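Each value in this text was obtained by applying a stated rule to the coordinates, not by laboratory testing. Model, not experiment: these values are computed from the prediction.
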């Protein structure tokens, strides 16, 4: 992660930082340590929650070692890999603070940019959503990512410029008011769609995206892409088509 300057931040009452991790042994320690630096600049009351989603590398060992040194860190181990959505939901349920920040444990986003998200908050904002300044991925992944973005934006009626950016700061009460059900990588789409339809106020902030330095993407393989397409169709049927049909019947 490169050195950057960040805007002077306001301070929040409290923050839970949530990181899902699967075979992120080479990056998760750096992500946590960077988050510690950022959190201390934006609040006096925080916790870090990492869900180890059945990792088969040394992710679990790194996390357990870090809990001995950092009392703010809470680690939850899934015995088997349950999926990205389940890992996120486990972290969200465990969160106890007023605001929930989340991003992935693979180091493709810099937790220091949480400071920029916090700086954009005012009393009316419920969700601060990052959007990628540019995507640091191989060409094929960029093409697939752009196609995915436009398909889901059109199909679900998203207003955000980058719904595929998993770098968000959310008021925790939203998770108490909106039920999330997805267990796969479609959970962020379900979450944003339900928050948007409920009328919550979003703000968008540019963030940097970095090339993956360790491990392999869990999204970009043909088998998983097929599954994602199936889950997207199911989610669209439930959140868009059925909702429109219900309106027509009224």
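Structural remarks
- Mean separation of Cα contacts under 8 Å, 6 or more apart, over the residue count of region 107-187: relative contact order %: 37
- For the chain, calculated [θ]222 nm from helices alone, where every DSSP H run of n ≥ 4 adds -39500 (n - 2.57): -12000 deg cm²/dmol
- Of 50, 62, 18, the one that fluctuates the most in a GNM where the chain has Cα springs shorter than 10 Å: 62
- Ratio Rg/Rh, restricted to region 50-98 and using Cα atoms, in which Rh is the Kirkwood radius: 0.98
- Max mean-square fluctuation residue, GNM over the chain, Cα-Cα springs under 10 Å, options 167, 202, 19: 202
- Region 15-249 - Rg (one decimal) and Dmax (whole number), Cα, Å: 17.2, 58
- Taking the inverse of the mean 1/r over every pair of distinct Cα atoms in region 140-188 gives a Kirkwood hydrodynamic radius of 12.6 Å.
- Using the Stokes-Einstein relation with a Kirkwood hydrodynamic radius computed over Cα pairs, the translational diffusion coefficient of region 46-140 at 37 °C and a viscosity of 0.692 mPa s comes to 214 µm²/s.
- GNM result for the chain, Cα springs below 10 Å: residue of 106, 98, 123 fluctuating most strongly: 123
- Here the chain carries DSSP beta bridges of which approximately 25% are antiparallel, counting only pairs with both residues inside.
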